[in-house]
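S.K.: Structure below; questions to follow.
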């Protein structure tokens, strides 16, 4: 009888221990799965964030590049315009325009575009307002057409070859005689002579206009 009771007690103890071991093993398995799931989710979130950051950075760089290209084109066009109008005034292209184009950033490109736009406008105003402009138009009315190609005098202010060579040599070499020059180019060549000789090259017509 005593032995039977002892045997039953041992069986009960073994059963309880087996149940405890199984329960512990199950808990470990669940914890491991949860940890693995958490790690995977964290890695996925980190990868997504990194990809989004790279995409955003690439998008920003593309926007900046387009902005630099746009304002760079504006700056170069205004620089070319400045050069064109200064050539009209001086009778030859300026040797060097200060401040080169440096598209280092969108802000720099924008500032350069604004700078050259102001310079172009200033050069345009200068070219379109030569000294004694009204007097030159008056002389022109008595002299001839701006495109008059009849030698020995050419253009709207009737300049002979020697006069053109002296006061408009660059234009003569690159564009031909005065009848191929714009009216403003012809007037500015006359202005360069006028600063040295006054209106003496046009004695009769300047007198008719009351300026000689």
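S.K.: When the chain is fully extended, how far beyond the present Cα-Cα distance does residue 69 get from residue 165, taking 0.36 nm per residue of separation?
M.R.: Details: separation 96, 0.36 × 96 = 34.56 nm, distance 4.18 nm.
Gain on extension, residue 69 to residue 165, equals 30.4 nm.
S.K.: Between residue 114 and residue 134, what length in nm is gained on full extension when 0.36 nm per residue of separation is reduced by their alpha carbon distance?
M.R.: That pair, residue 114 and residue 134, stretches by 4.0 nm at full extension.
S.K.: What is the calculated FRET efficiency for residue 58 to residue 104, with r their C-beta to C-beta distance and R₀ = 25 Å, to the nearest 0.05?
M.R.: Efficiency, from the Cβ-Cβ distance: 0.80.
S.K.: In nm, what is the difference between 0.36 nm times the number of residues separating residue 197 and residue 149 and their Cα-Cα distance?
M.R.: Stretched out fully, the residue 197 to residue 149 stretch lengthens by 14.8 nm.
S.K.: Let me ask something additional. Put a dot 7 Å past each Cα toward the Cβ at residue 174 and residue 208; how far apart are the dots in nm?
M.R.: 3.3
Here, each number is a calculation from the coordinates, and none is a lab measurement. Worth saying up front: this structure is predicted, and the values here are computed from it rather than measured. We place every Cβ from the backbone using ideal geometry, glycine too, and count neighbours over all the protein chains shown.
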